[in-house]
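What follows is calculated from the coordinates using simple rules that are stated; it is not laboratory data. Source: prediction; values computed, not measured. Methodologically, a virtual Cβ is constructed for each residue, glycine included, from the backbone with ideal geometry; neighbour enumeration extends over all protein chains shown.
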Amino acid sequence: MIGRIHGILRAKHPPLLLIDVHGIGYEVEAPMTTIYELPNLGEPVELHIHHVVREDAQLLYGFLREADRALFRTLIRISNVGPKLALAILSGMDHRQFSLCVHAGDVAALTRLPGVGKKTAERLIMEVRDRLDALTDAPPVTATAGAPEADDPVADAINALVALGYKPQEASRRINAVTAPGLACEDLIRQALKERNP
């Protein structure tokens with residue numbers, strides 16, 4: 001099983017990353033909380049990996065922090081929470097913010113995340129609360145921040161929200177509501193995810 005990848009960041013198409021490891025390109029899905037902190041394209045990056053082997057595919061999920069990977073692994077063990085929803089949750093808040101919501105019983109904050117209804121939020125709070133203390137708070141593997149080159153940051157941002165579980169119309173509405181000249185894809189996604197539901 002693959003537990004960590006160290007290589008050169010070749011592409012960012014949220015939530016998908018392409019990491020070149022000695023000439024082999026690994027496709028890795030990552031939450032936006034990781035993507036926000038990635039270095040520029042062409043620079044080294046190291047990610048903690050959750051490796052899923054299925055009959056029809058091998059999937060890699062990457063995280064800068066071990067604590068985020070640990071939370072991802074905790075989330076996908078909960079009934080009706082798969083990798084896609086776990087990525088969406090970790091795109092809206094990192095492990096620290098999630099921990100605060102769970103300990104405070106903040107159902108409203110969790111239901112603002114795509115794909116999380118009231119029942120799911122309540123189940124998350126009940127089932128995860130006791131496990132949060134076991135999650136380590138390791139520093140990021142790399143903290144170099146930078147903005148990627150993007151042909152169309154608005155389209156890329158809309159596609160990223162759709163991949164995270166938003167309906168295309170809602171993704172487009174959220175991105176168009178925060179679009180401003182010069183904003184990179186990651187900035188658009190960050191602001192769109194902060195927007196409250198209407």
**Message:** I'd like the distance separating the alpha-carbon centroids of the stretch 151-198 and the stretch 46-100, in whole Å.
**Reply:** 21 Å
**Prompt:** Roughly what % of Cα-Cα distances in the stretch 153-193 sit above 13 Å, to the whole percent?
**Reply:** 36 percent
**Asked** Can you tell which of V107, V53, V116 shows the greatest fluctuation in a Gaussian network model of the chain with Cα springs below 10 Å?
**Response** V53
**Complete:** tail above 22 Å in the computed P(r) of the chain, as % of all Cα-Cα pairs, reads 46 percent
**Message:** Please compute the Kirkwood hydrodynamic radius of the stretch 4-63 from all pairs of different C-alpha atoms, in Å with one decimal.
**Reply:** 11.4 Å
**Request:** Convert 25 °C to kelvin, take the viscosity as 0.890 mPa s, use the Kirkwood radius over C-alpha pairs of the stretch 66-134 as Rh, and evaluate the Stokes-Einstein diffusion coefficient in µm²/s, rounded to a whole number.
**Result:** 213 µm²/s
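Can you compute the charge dipole magnitude of the chain about its Cα centre, using +1 on each Lys and Arg Cβ and -1 on each Asp and Glu Cβ, nothing else charged? Give it in debye, rounded to the nearest 20.
My answer is approximately 760 debye.
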**Asked** By the scheme Lys and Arg +1, Asp and Glu -1, what is the net charge of all other residues having a beta-carbon under 11 Å from that of I78?
**Response** +3
**Item:** Candidates D94, D130, D68: whichever shows maximal mean-square fluctuation once the chain is modelled as a Gaussian network with Cα springs under 10 Å
**Value:** D130
